[in-house]
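Right, one structure below, let's go through it.
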Amino acid sequence: MTVGKIKGIHVQPAGILVSFDVMSLFTKVPLNETLEKLHRRLAMMEKDAILVDVGTACTRATFFALRNQLY
């Protein structure tokens, strides 16, 4: 995100604003640590454990579709 895009965004006091560089997402984000943090956060919020499975599936999937082409 550029400064211009995030300038008007209001983040709640307990909130966190995160921006991922999609070009280097898979090399920059420590996947296991991210999933552990997700699990801890959801447990604190007393959310259903299935959300951890969804988060795992979303972050471990290394394929995507663009213009009807699967990569």
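Tabulated data
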read-out	value
Of residues in region 17-32 being at pLDDT 75 or above and within 12 Å of the chain's Cα centre (by Cα), the one surrounded by the most Cβ atoms within 10 Å (Cβ to Cβ)	Leu31
Residue count, region 39-66 (criterion: farther than 24 Å from Ala14 by Cα, of a type outside the set (A, V, I, L, M, F, W, C), surrounded by fewer than 10 Cβ atoms within 10 Å (Cβ to Cβ) and modelled with pLDDT of 80 or more)	0
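The values are calculated or read from the model by the stated rules, or taken from the named source; none is laboratory data. A quick note: this is a predicted structure, and the numbers were derived from the prediction, not measured. Cβ sites come from the backbone with ideal geometry, for glycine too, and all protein chains shown count toward neighbours.
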